[in-house]
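Trainee: First, the structure itself, so that you have it in front of you.
The values are calculated or read from the model by the stated rules, or taken from the named source; none is laboratory data. All figures in this text were calculated on a predicted structure; none of them were measured in a lab. Note: ideal-geometry Cβ built from the backbone for every residue, glycine included; neighbour counts use all protein chains shown. The protein model used for the area step is the full one, side chains on, heavy atoms only, and it has no ligands, DNA or RNA in it. Shrake-Rupley method; radii C 1.70, N 1.55, O 1.52, S 1.80 Å.
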Amino acid sequence: MAERYADIIVDISHEKVDRPFQYRIPPELSAAVYPGVRVHVPFGIGNRDKVGYVVDVSDRAAYPAEKIKDIAAVDDKAVSVQSRQIRIAYWLKRQYGSTMIAALKTVLPVKQKLRQLEQKKVTACLTAEELLEAARECGERRQTAKARVLCALSEDGTLPYELIRRKLNVAPATMQALEKQGFLRIETESIYRNPVKPMAGTEKKIVLSEAQRTVIEDVLRDYRAGKPQTYLLHGVTGSGKTEVYLGIIEQMIAMGKQAIVLIPEIALTYQTLLRFYRRFGDRVSVMNSTLSQGEKYDQMRRAAAGDIDVIIGPRSALFTPFPALGVIVVDEEHEGSYKSESAPKYHARETAIQIASMHGAAVVLGSATPSMEAYWRAQQGEYRLYEMRARHGSSRLPDVHIVDLREELRHGNRSVFSGMLRELMKRRLAAGEQTMLFLNRRGYAGFVSCRACGHVMKCPHCDVSLSEHGNGMLVCHYCGYEERRRANCPVCGSKYLLGFKAGTEQIVEALRGEFPEARVLRMDADTTRTRESYEKILAAFADGRADILVGTQMIVKGHDFPNVTLVGILAADLSLNRSDYRASERTFQLLTQAAGRAGRGDKPGEVVIQTYQPEHYSIVHAAMQDYQGFYEEEILYRELMQYPPIAHMLAVLVTSADDAAGAALCAQLAALVKDRTDEDGRGGQKSQVIGPVPASIAKINDLYRHVLYVKDADYERLVEIKDMLELYSREKERKNLTVQYDFDPMNTY
Ligand code: ADP
Ligand code: ZN
Ligand code: ZN
C-alpha cells in the first residue's frame, strides 16, 4: 500500500494555523486518522511529545520522505470542540473548493489579546409615564433621537447601551445629555447581568396559534426522538415565525442545549434583538460587523465555555463553537448574503445542515419567499414544509397596480414616472404620508429591450439576457454567444430598442422637477459608504424628515415605516433582465418584499410596479403575493435549462495579470473537463461545459477574469471535477494567476 501522510496542526491557536506539519501515518493507524482527530506526535529537535490535530490527509509527501516523522498515537477521547471545527473546515474545503488554511480561518476565531470587555447598560430614572411624557416633549421640539431613547426606556427600564447606540442610532453626546438632564443613568459593569429589564406591566403575553404550536411541537418531538430534521417555515413577514424560533429555543435551553440564529445583518432590527434579549436575557450574544476581532473571539470563548446559550448574527455566527448545539435557525434563508463571497464560497444554509448533522441538531429555515433550492427540497421531501398564512394584527396586504410602460410611451409619456405613480405621489404629499421609490440597480448588466413591445434580447442557448458591450455587440455571459446590436426590434420593428440607463440620482432630479416642494432622501451605495450613514438615512426617514425616499434594494429590508403608504417600483425590468438564471427569482423576491413595505401601520398601502413586461410571471405572481404560482412556473424553467436546484453548477474563475495566460489556462481547464466527461458515458449523462468566456466584469484591479461553467445533476461529480482541476492547476498557479471555484453561484461572473 502507498504511504499516507497527515497534515497536523500542533496547538490549535490561530497563530499556528498557517503552518501545519506533515507526519507519516503508520499503517496500523491508517483507519483511525482523518481530519479532526487528535494525535500525539514527536515535535521539534528533542522530539517532545505534543498533541496536535489532523487537518488533512494525502498520499503525497511534501518533503523528502525520510525527513518525515511518524504519528505516535491517536488520542481518541470524546470529540472535542476543536475536532468538530476542523471537521467542518475540512468539509468546507472539499465541498466548496479552497485551501485548508482558508477553510480553517473561516471556522476558527482569530485569537487576539483580550481586553477587558466593558459592558454598559442604561437604566431609566423616571417612571414609564414620566418617560413617555418627556418623549412627547422632545418629539415636539424635534429632538427625535432623544424621543426614541425615552420611548424605548419606557418599555424596558434597563437596556444594553450598545443596542441603543447602534440599533436606535443615537449619538453618545445625546446619551450624555439625557444623563445630565436626569432621565437615565449609564453604568459600566465588567460582567453583564440581565441587560434588559422590562418596566412592570409592559410585557405582552402571547398565546401561540395552532400553526405555531404545531411546528414547535414537531421540531422538539423529532429532536427528542433522535431524528432531528430540516424544517422550512414559509410565511409572510408578520406571520409569527420569530415567535416559533423563540419557542423552540426556549425549550432547547431548558434541555441544556444551545442555539445559533442567523439573520442577515441588514434585517436585524432593534425590535427583533430586543425580543431575544427580553426572552433570554444575558444568555444571548449578538455578533455583527461592528464588533472587533477581539470582541468576536471573546464571544466564541464564552460560547465554548457555556456562558451563553444563544448567538444571533450573520453567516459567520454559524461557526460558534457551542458544546451541545440543539438548533440552528436560518431566518430569511433566501437572502444572497448567506453565500460567502471569498473562498471557501460556502452557503450558510447547506453548511448549517452539515453542522447540525454533526451535533444531532435541528435546522429551522424561515422565509416569506423561500429560495427555489429550499422549496424544491421541501417538495422532494428532504425538508418538512410548514405554511404560515395568517398575519398577526391588523395590517393588511397592500393593493398592487401594474403599470405597462409600453402604454405610457404610446401616450407620449417619456418621464420615469407613469401617470398613475405621479398621481398617487401627489396625493401622498397632500396627505402628509410617505412614499418609497425603489430602483433595483445591483447587478445591472446593460440588457437591451424594446420600449414599444417589451421584447428582450436573449441568448438562444442559455435563455438569459444578453448584455450590451461598448463595441456594439450583445454578449451572453454564460456561453459567450454574441450578436451585433441592431437598430430595430426584431419582433415589432420599432426603433425604441434601447439599453436602460437611469440611476437614483436621475430619479431625484426628476422629482425636483415634478414636486419642487417635496423633501427627498436618497439611499444607495454612494450615499451609504458606512453602516452609520445607512442607519442615519433610515432614521431620518422614520422620523418624518423626508416625504420621499429613493433607493436601491437596500431600502426594502428591515425597518418598519408606519407612515409609508405608497411604494413605487420604477423599473421592475432591471432585475428581471439580469444576465443570470436567478433573475426571475430575485425579481419576485424583491417585488414581494418591496410591496410588503407599504401599509405596515394602520393606514392601507398601495404599490405601483412599472414594467415593460407586465405579463411576466414574476411580476404577475408578485403582484398577487402568490409564491406557489411563481414557484411552479420558475421550476419548469430550471428543469428545461438544467439550472439549480434541478442540476448543480460549478463556476471556475481564472484571474490573471496577463490576459492571454488567463484565457489559455481557462481553455485548458475546459478541455480537461470535456475530455473527462467524454470518457465516462454514464448512460449518455454528461456534465455540460459552458464557456470559457471573459467574465462580465472582464477586469478588476488589473486582473483579467475568465470563467467556465460546468453543470451536472450530481453534486459529487462536480466535486470530483473541481479536485481534478485543482490538481492540474496547482503547478500553473502563481502570484497573479489563480483559479477559484464557486458551486451554485449566486451571480454571473
Ligand atoms: P415574523 O417573524 O414571521 O415576521 P413575528 O414572529 O415577528 O413574525 O410576529 C409578528 C408580530 O406578531 C410580532 O409583534 C409578534 O409578537 C406578534 N405575534 C406573533 N405570534 C403571535 C401570537 N400567537 N399571538 C399574539 N401576537 C403574536
Ligand atoms: Zn418591439
Ligand atoms: Zn448563452
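Trainee: Which residue out of TYR481, TYR496 is over 19 Å from ILE569 (Cα atoms) and within 16 Å of ligand 3 (Cβ to nearest atom)?
Mentor: On the way: TYR496 fails: within 16 Å of ligand 3 (Cβ to nearest atom).
Just one listed residue meets the conditions, TYR481.
Trainee: Please tell me if LYS674 is open to solvent by 60 Å² or more (accessible area, probe 1.4 Å), of a type in the set (D, E, K, R) and either within 21 Å of HIS469 (Cα to Cα) or part of a loop (DSSP other than H, G, I, E, B) (or both).
Mentor: Details: open to solvent by 60 Å² or more (accessible area, probe 1.4 Å): yes; of a type in the set (D, E, K, R): yes; either within 21 Å of HIS469 (Cα to Cα) or part of a loop (DSSP other than H, G, I, E, B) (or both): no.
No: the conditions fail for LYS674.
Trainee: If we keep just the residues of the range 482-492 that are crowded, with 16+ Cβ neighbours inside 10 Å and in a loop (DSSP other than H, G, I, E, B), which is nearest to ligand 1 (Cβ to nearest atom)? Break it down stepwise before answering.
Mentor: Taking the range 482-492 as the starting set, the residues that turn out to be crowded, with 16+ Cβ neighbours inside 10 Å are 482, 485, 489.
Then keep just the ones that are in a loop (DSSP other than H, G, I, E, B); that gives 485, 489.
On the way: ARG485: 45, CYS489: 44 Å.
Once the filter is applied, the top-ranked residue is CYS489.
Trainee: Every residue in the range 614-633 that is in contact with an Asp or Glu (Cβ under 6 Å, 6 or more places away or on another chain) and either assigned to a loop (DSSP other than H, G, I, E, B) or not aromatic (Phe, Trp, Tyr) (or both), please.
Mentor: If we filter the range 614-633 for residues that are in contact with an Asp or Glu (Cβ under 6 Å, 6 or more places away or on another chain), which is where we start, we get 614, 617.
Correct list: PRO614 only.
Trainee: On to the next question. Here are some residues: LEU178, LEU208, LEU220, LEU233. Which one is in a strand (DSSP E or B) and modelled with pLDDT of 90 or more? Let's see the steps before the verdict.
Mentor: Values: LEU178 fails: in a strand (DSSP E or B); LEU208 fails: in a strand (DSSP E or B); LEU220 fails: in a strand (DSSP E or B).
Every option except LEU233 fails the conditions.
Trainee: Quick check: is even one residue across the range 699-712 among the charged types (D, E, K, R) and more than 21 Å from CYS476 (Cβ to Cβ)?
Mentor: Step one: of the range 699-712, the residues among the charged types (D, E, K, R) are 699, 702, 705, 711-712.
Then keep just the ones that are more than 21 Å from CYS476 (Cβ to Cβ); that gives 702.
Yes, the conditions are met somewhere in the range 699-712.
Trainee: Let me ask something else about it. Would you mind stating whether ILE253 is in contact with a Lys or Arg (Cβ under 6 Å, 6 or more places away or on another chain) and open to solvent by 30 Å² or more (accessible area, probe 1.4 Å)? Spell out how you get there, then give the answer.
Mentor: Working: in contact with a Lys or Arg (Cβ under 6 Å, 6 or more places away or on another chain): no; open to solvent by 30 Å² or more (accessible area, probe 1.4 Å): yes.
Criteria not met by ILE253.
Trainee: Could you list, in sequence order, all residues of the range 609-639 that are touching a helix residue (DSSP H, G or I) at 6+ places or on another chain (Cβ under 7 Å) and acidic (Asp, Glu)?
Mentor: Within the range 609-639, GLU633, GLU634 meet the criteria.
Trainee: Which residues, taken from the range 584-606, are open to solvent by 30 Å² or more (accessible area, probe 1.4 Å) and at pLDDT below 90?
Mentor: Selection gives GLN593, ARG600, ASP602, LYS603, PRO604.
Trainee: Any residue in the range 435-454 that is touching a residue at least 60 places away in the same chain (Cβ under 8 Å), surrounded by fewer than 20 Cβ atoms within 10 Å (Cβ to Cβ), of a type outside the set (Asp, Glu) and in contact with a Ser or Thr (Cβ under 7 Å, 6 or more places away or on another chain)?
Mentor: yes
Trainee: Oh, and also: Pairs needed: first member in the range 174-185, open to solvent by 100 Å² or more (accessible area, probe 1.4 Å); second member anywhere, hydroxyl-bearing (Ser, Thr, Tyr); C-beta distance under 9 Å; at least 6 residues apart or different chains.
Mentor: ARG185/THR123
Trainee: If I filter the range 640-651 for residues that are of a type in the set (S, T, N, Q), assigned to a helix (DSSP H, G or I) and open to solvent by 50 Å² or more (accessible area, probe 1.4 Å), do I get at least one hit?
Mentor: Looking only at the range 640-651, we keep the residues that are of a type in the set (S, T, N, Q), and these are 642.
Narrowing the set further to residues that are assigned to a helix (DSSP H, G or I) leaves none.
Taking every residue of the range 640-651 in turn, none turns out to be of a type in the set (S, T, N, Q), assigned to a helix (DSSP H, G or I) and open to solvent by 50 Å² or more (accessible area, probe 1.4 Å).
Trainee: May I pose another question? Could you pull out the residue among LEU397, LEU424, LEU409, LEU474 that is surrounded by 19 or more Cβ atoms within 10 Å (Cβ to Cβ) and at pLDDT below 95? Even if it seems obvious, please write down each step before you answer.
Mentor: Details: LEU397 fails: surrounded by 19 or more Cβ atoms within 10 Å (Cβ to Cβ); LEU424 fails: at pLDDT below 95; LEU409 fails: surrounded by 19 or more Cβ atoms within 10 Å (Cβ to Cβ).
Only one candidate qualifies: LEU474.
Trainee: Another question, if that's okay. Checking LEU474 against (1) on the phi < 0 side of the Ramachandran plot; (2) in contact with a helix residue (DSSP H, G or I) (Cβ under 7 Å, 6 or more places away or on another chain); (3) within 16 Å of ligand 2 (Cβ to nearest atom), only one condition comes out false. Which one?
Mentor: Against the list (1) on the phi < 0 side of the Ramachandran plot; (2) in contact with a helix residue (DSSP H, G or I) (Cβ under 7 Å, 6 or more places away or on another chain); (3) within 16 Å of ligand 2 (Cβ to nearest atom), LEU474 comes up short only on (2).
Trainee: Next question. Could you check, for the range 428-451, whether at least one of its residues is over 30 Å from LEU521 (Cβ atoms) and within 16 Å of ligand 3 (Cβ to nearest atom)?
Mentor: Yes: the range 428-451 contains one or more residues that are over 30 Å from LEU521 (Cβ atoms) and within 16 Å of ligand 3 (Cβ to nearest atom).
Trainee: For residues that are surrounded by fewer than 17 Cβ atoms within 10 Å (Cβ to Cβ) and modelled with pLDDT of 90 or more, scanning just the range 3-26, find the one that is nearest to LEU104 (Cα to Cα).
Mentor: ARG24
Trainee: Is at least one residue of the range 496-503 in contact (Cβ under 8 Å) with a residue 60 or more places away in the chain, touching a Cys at 6+ places or on another chain (Cβ under 8 Å) and either away from ligand 1 (no atom under 16 Å from the Cβ) or in a loop (DSSP other than H, G, I, E, B) (or both)? Break it down into steps so the answer makes sense when it comes.
Mentor: Of all residues in the range 496-503, those in contact (Cβ under 8 Å) with a residue 60 or more places away in the chain come to 496, 500, 502-503.
Narrowing the set further to residues that are touching a Cys at 6+ places or on another chain (Cβ under 8 Å) leaves 496.
Retained after the next criterion (residues that are either away from ligand 1 (no atom under 16 Å from the Cβ) or in a loop (DSSP other than H, G, I, E, B) (or both)): 496.
Yes, there is a match, as at least one residue in the range 496-503 is in contact (Cβ under 8 Å) with a residue 60 or more places away in the chain, touching a Cys at 6+ places or on another chain (Cβ under 8 Å) and either away from ligand 1 (no atom under 16 Å from the Cβ) or in a loop (DSSP other than H, G, I, E, B) (or both).
Trainee: Please work out which residue is nearest to ligand 3 (Cβ to nearest atom), limiting yourself to the range 214-246 and to residues that are open to solvent by 20 Å² or more (accessible area, probe 1.4 Å) and among the hydroxyl-bearing types (Ser, Thr, Tyr).
Mentor: Here the answer is THR237.
Trainee: Of everything in the range 352-368 that's in contact with a Ser or Thr (Cβ under 9 Å, 6 or more places away or on another chain) and either among the charged types (D, E, K, R) or modelled with pLDDT of 95 or more (or both), which residue is farthest from THR748 (Cα to Cα)? Before the answer, list the steps.
Mentor: Restricting attention to the range 352-368, the residues satisfying the condition of being in contact with a Ser or Thr (Cβ under 9 Å, 6 or more places away or on another chain) are 352-353, 356, 362-366, 368.
From what is left, the residues that are either among the charged types (D, E, K, R) or modelled with pLDDT of 95 or more (or both) are 352-353, 356, 362-366.
Details: ALA352: 24, ILE353: 26, ALA356: 30, ALA362: 32, VAL363: 29, VAL364: 29, LEU365: 26, GLY366: 26 Å.
In this case the residue turns out to be ALA362.
Trainee: Could you list, in sequence order, the residues of the range 484-493 that are under 13 Å from VAL448 (Cβ atoms) and within 16 Å of ligand 2 (Cβ to nearest atom)?
Mentor: Once the filter is applied, which keeps residues that are under 13 Å from VAL448 (Cβ atoms) and within 16 Å of ligand 2 (Cβ to nearest atom), the range 484-493 yields ARG485, ARG486, ALA487, ASN488, CYS489, PRO490, VAL491.
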